[in-house]
Structures are given as C-alpha cells and as structure tokens.
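Scroll down for the structure; my scribbles are underneath it.
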Amino acid sequence: MKIRRIYIDADAADDPVTEQVCRRIGLPVKRVNHPVEIYQQISASPDPEAAGKSVLLLTRNKGRFIRDCPGTTHYTCCGYQILHVGAYCSMDCAYCILQAYYHPPVLQFFTNHDELNEQLQSFFDQGVVGRIGTGEFTDSLIWEPLFPLAQQLVERFSRQDTGNLELKTKTAAVDDLLAISHNRKTIMAWSLNTQTVIRHQERATAGLSARIEAAEKCQASGYPLAFHFDPMILYPGCHADYEAVVHLLFARIDPANIVWISIGSFRFMPELKEVIARRFPDSTIIYGEFIKALDGKMRYFKPLRIRMYRWLIDRIREKAPDVLIYFCMEDEEIWEKALGFTPAAHGGLARMLDERAASMCGLNGRVQTR
Ligand code: SF4
C-alpha cells in the first residue's frame with residue numbers, strides 16, 4: 001500500500017481499530033465530518049482511480065457487514081455471502097470493476113468491529129452451512145499491514161463449524177497466516193491468470209509463481225485451497241499461456257487440497273470501457289468479439305466462451321480429474337456444453353458448493369437448497 005494521507009470519519013474516531021491503524025501507519029491524519037471533501041479532491045485529480053489508492057478513509061460500515069453477493073441477473077449465482085470489511089484496492093487491475101463501481105473510488109477500512117463480530121456470531125448461530133468471503137469489494141489480504149483482520153477472522157472461524165471463510169487474493173502475503181490455528185475453516189484462494197495478463201493488466205499484483213508459491217506454503221500449513229481462473233482473457237498465444245498456468249499449478253499443488261476451481265471470462269459494464277481506455281492506453285482487452293449480454297455487461301460471444309472453457313476444463317481434468325469446477329456467472333447452456341451438466345441436476349450451484357465446503361472443511365451445519 002502506498003497511502004499518503006489518512007482521513008478519519010468523525011463517527012469512527014473513537015473506535016479502537018482506528019487508533020491501532022493510525023499507530024501502525026504513522027502518517028498525518030485528518031478528521032472529517034463528511035467524506036465529501038475527500039471525494040471532491042480525488043475527483044479533481046487527473047487520475048481519480050489512482051488517487052483513491054493513496055488515500056485511506058477510516059470509517060464505520062453503516063450498512064450490513066454480511067450481505068448476499070449481488071451476483072448478476074440471468075446467470076447462475078453461487079449463493080456466496082460477502083463479509084464487507086472495506087472497499088477498493090491498492091493493486092491496480094485494468095479490468096477491476098471497482099474502478100467504475102464507486103464514484104470516486106477510495107480506500108475505505110471499516111472500524112466498527114464490534115458490529116462485525118456481532119453479525120458474525122449471528123451468522124454462525126444459524127446452524128446452516130454458509131460460505132462467506134472478504135474478497136468481493138476489495139482484496140482479502142491487502143489490509144494486513146494496517147490491521148491483522150484476516151488473521152483475526154481465520155482464528156474466529158476456527159472456533160465454529162458451520163461457516164466457511166474464503167480469503168481471495170492476488171498477493172503472496174500469507175506468512176502471518178501460516179502459524180495460525182485455522183482448523184480448516186478458512187479456504188485460501190488465488191485468482192490465477194497468465195503471466196502475460198498479470199504483467200500487462202494486473203499492476204502491482206504478485207506474479208504467477210509468487211501466488212502459487214504462497215498457495216504451496218498454505219498447503220503445507222494444512223489450509224484448504226481454491227483457485228479462480230477469472231477473468232480469462234483471449235489474446236494471441238493465450239492457450240499456451242493458460243496451459244502453462246495449469247502446468248505450474250499442479251506441479252506445486254496437490255488436487256486433493258483444492259476445494260474448488262472457478263472459471264469466468266472477461267466481462268465489463270459499458271461504463272468501465274472508458275476507464276480502461278483512459279487509464280490503460282496500451283491495453284487491448286476491451287477490443288474483442290463482445291456482445292451486450294442479458295445483464296447489460298459486455299461478454300465474449302457465447303461460442304467463444306464455450307470453446308475456451310471446454311479447452312481449459314480439459315487441461316485441468318488431465319491433471320485433476322475429480323476437482324470441483326464451477327462457472328462464475330454463466331447460464332445453463334454454457335454449463336451443459338462446457339461441463340456436461342447443469343447445477344440444477346445437483347440441487348443448484350449453491351448447494352453443490354455448500355456440500356463441497358462441508359466435506360472438505362469439516363462443517364457440521366445444515367445444507368440448504370437455495
Ligand atoms: S486485485 Fe482485485 S480488487 Fe484489486 S485491483 Fe485487481 S481486480 Fe480490483
């Protein structure tokens with residue numbers, strides 16, 4: 001993180017988390033009564049999306065910490081829940097939806113952990129198997145230098161047996177998690193992509209080898225693992241590059257430790273196109289064979305998606321015949337043509353993943369059909 005300035009929302013000023021973060025960072029802080037002043041400054045910058053990565057707002061989460069993943073209409077959703085601990089990201093991926101999601105985007109870390117803990121306890125008390133993750137509106141591990149939240153969550157989840165935490169990252173910063181007693185209730189997950197995509201589209205993220213090396217360390221510490229080939233991006237030579245990713249992954253990781261692998265392809269809200277063109281002028285990812293899909297997002301033409309998914313699944317299956325593969329936000333036709341079945345035949349995608357989490361992570365709650 002390259003934070004240059006910290007702002008504290010007046011409501012958050014007395015929270016112990018605020019004090020801890022300020023002590024750790026040791027930068028000048030400014031108290032604000034309303035963050036509009038910050039938003040105005042960031043919006044006036046020539047590159048607001050980059051400016052928002054150098055400013056940290058410590059504030060209270062005024063909504064729910066636990067909420068359903070918004071998913072998208074018309075596509076099969078996995079029934080994931082989000083643990084909303086903060087927003088935006090210090091890394092800088094060309095395709096990052098957060099650039100267009102917040103206006104303007106700014107790093108925010110929520111400080112009312114008393115409410116976070118209460119809501120987590122209610123989540124555990126339901127007695128129902130639930131999958132929850134912090135990597136939807138941010139990266140799960142970027143906050144650790146400011147506050148050891150992932151470490152605390154791993155420890156907290158280890159003491160119950162209905163919920164499953166997924167920490168999803170593009171960093172390799174796992175060393176502080178290795179010695180924690182996790183009781184297999186946390187899945188350590190990485191987004192994977194080709195080295196070409198990482199180099200050109202994922203600024204400031206860990207390289208492919210570093211991500212897999214970090215996964216290998218977590219494997220040695222007994223964590224269950226997950227990987228997300230998302231977003232797959234088509235470019236000349238991409239097949240050889242994705243094959244190299246699969247090869248590297250299974251040279252280091254035992255398929256028996258993988259809870260699931262998800263696959264998705266590059267898709268974007270039309271508003272993001274202007275941001276990518278402006279901020280990543282050398283990127284060509286927005287100039288492909290796209291159509292506007294039912295959810296309003298631009299997606300690769302469906303036959304292209306089916307072909308690339310089938311091809312990747314074949315490569316994965318050669319190394320890991322039994323690993324659970326699922327699609328993030330695709331329709332039944334894609335499932336049928338690329339995987340040979342639809343989730344409905346297994347009680348729905350959410351149920352499939354809940355059952356898998358229950359068996360791989362030793363969960364004891366009720367599995368519901370959602
Ligand atoms: S790592 Fe994830 S959250 Fe961070 S910039 Fe990249 S896509 Fe966005």
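Suppose every Lys and Arg Cβ carries +1 and every Asp and Glu Cβ carries -1, with no other charges. What dipole size does region 266-370 come out with about its Cα centre, to the nearest 20 debye? Kindly include the intermediate steps, with their values, before the conclusion.
Details: 19 positive and 15 negative charges, 32 e Å.
Once rounded to the nearest 20, the dipole reads 160 debye.
Note on region 286-368: percent of Cα-Cα distances in each 10 Å bin, starting at 0 and stopping at the bin with the largest distance, equals 15, 39, 32, 13, 1.
Just in region 64-167: which chymotrypsin sites (Phe, Trp or Tyr not before Pro) are loop by DSSP and have at most 13 other Cβ atoms within 10 Å? It would help to have the intermediate numbers written out before the result.
Values: sites: Phe65, Tyr75, Tyr80, Tyr88, Tyr95, Tyr101, Tyr102, Phe109, Phe110, Phe123, Phe124, Phe137, Trp143, Phe157; in loops: Phe65, Tyr75, Tyr80, Tyr88, Tyr95, Tyr102, Phe137, Trp143.
Here no loop site has a sparse enough neighbourhood.
The reciprocal of the average 1/r between distinct C-alpha atoms defines the Kirkwood hydrodynamic radius, which for region 260-326 equals 13.7 Å.
Averaged over residues, the count of other Cβ atoms within 10 Å places the peptides 7-14, 249-256 in the sequence 7-14, 249-256, highest first. When each of the peptides 356-363, 16-23 is scored by the mean number of other C-beta atoms lying within 10 Å of its residues, the order from highest to lowest reads 356-363, 16-23. Diffusion coefficient of region 163-253 by Stokes-Einstein, Kirkwood radius over Cα pairs, 4 °C, 1.567 mPa s: 95 µm²/s.
Quick one: with all protein chains in place, what share of the accessible area of region 187-289 is carbon or sulfur, to the nearest percent (1.4 Å probe)? On region 187-289, the fraction of accessible area on carbon and sulfur atoms equals 53 percent.
So, counting K/R as plus one and D/E as minus one, what does the shell of residues with Cβ under 15 Å around Lys292 add up to?
Values: positive: Arg267, Lys273, Lys297, Arg299, Lys302, Arg305; negative: Glu271, Glu289, Asp295, Asp331.
The answer is +2.
Amide hydrogen proximity for Met232: with H placed 1.01 Å from N in the peptide plane, the residues at 5 or more positions away or on another chain lying under 5 Å are Gly264, Ser265, Phe266. Straight Cα distances below 25 angstrom link Lys302 to the lysines Lys273, Lys292, Lys337, with same-chain residues fewer than 8 positions distant left out. Counting only lysines at least 8 places from Lys62 when in the same chain, those with an alpha carbon closer than 28 Å to its own are Lys2, Lys30, Lys53, Lys168, Lys170, Lys185. Shown for region 160-213 is the translational diffusion coefficient from the Stokes-Einstein equation, using the Kirkwood radius over Cα pairs, a temperature of 10 °C and a viscosity of 1.306 mPa s: 127 µm²/s. For the chain, the list of Cys residues with no other Cys C-beta under 4.7 Å reads Cys22, Cys69, Cys77, Cys78, Cys89, Cys218, Cys238, Cys328, Cys361.
Normalised per residue, the accessible area of region 20-164 is 39 Å², obtained with a 1.4 Å probe and no contribution from ligands, DNA or RNA.
Counting Lys and Arg as +1 and Asp and Glu as -1, each charge on the Cβ, what is the dipole of region 314-364 about the Cα centre in debye, to the nearest 20?
Numbers: 6 positive and 10 negative charges, 50 e Å.
Charge dipole of region 314-364: 240 debye, to the nearest 20.
Please turn the phi angles of region 235-246 into ³J(HN,Hα) values with the Karplus equation 6.51 cos²θ - 1.76 cosθ + 1.60 (θ = phi - 60°), one per residue in order, whole Hz, x for glycine and proline. Result, ordered by residue: 7, x, x, 5, 5, 4, 5, 5, 4, 5, 5, 4 Hz.
Among residues other than Ala206 with Cβ under 11 Å from its Cβ, the summed charge is -1 (Lys and Arg +1, Asp and Glu -1). Quick one: net charge of Lys170's neighbours, Cβ under 9 Å, K/R +1, D/E -1? Taking every other residue near Lys170 into account, the sum is 0.
Rolling a 1.4 Å sphere over the protein heavy atoms, what is the accessible area per residue of region 250-294, to the nearest Å²? Walk me through the intermediate numbers first.
Numbers: 2120 Å² over 45 residues.
With all protein chains present, region 250-294 gives 47 Å² per residue.
Rounded to the nearest 20, the Cβ-based charge dipole of region 1-146 about its Cα centre (Lys and Arg +1, Asp and Glu -1) stands at 340 debye. Candidates Leu208, Gly26, Leu57 compared by Cα position along the dipole of the chain: farthest toward the positive end lies Leu208, with charges placed on Cβ. Sorted largest first by accessible area at a 1.4 angstrom probe radius, with every protein chain in place, the residues Asp114, Asp176, Asp139, Asp322 fall in the order Asp322, Asp176, Asp114, Asp139.
Please report the equivalent ellipsoid semi-axes of the chain, computed as sqrt(5 x eigenvalue) of the Cα gyration tensor, largest first, in whole Å.
Values: eigenvalues 195, 136, 75 Å².
After scaling each eigenvalue by five and taking roots: 31, 26, 19 Å.
The values are calculated or read from the model by the stated rules, or taken from the named source; none is laboratory data. Because the structure is predicted, anything quoted here is derived from the model rather than measured. A quick note on method: Cβ atoms are made from the backbone with ideal geometry, for glycine too, and the neighbour counts reach across all protein chains shown. The accessibility values were calculated without ligands, DNA or RNA, using every heavy atom of the protein model including side chains. Shrake-Rupley method; radii C 1.70, N 1.55, O 1.52, S 1.80 Å.
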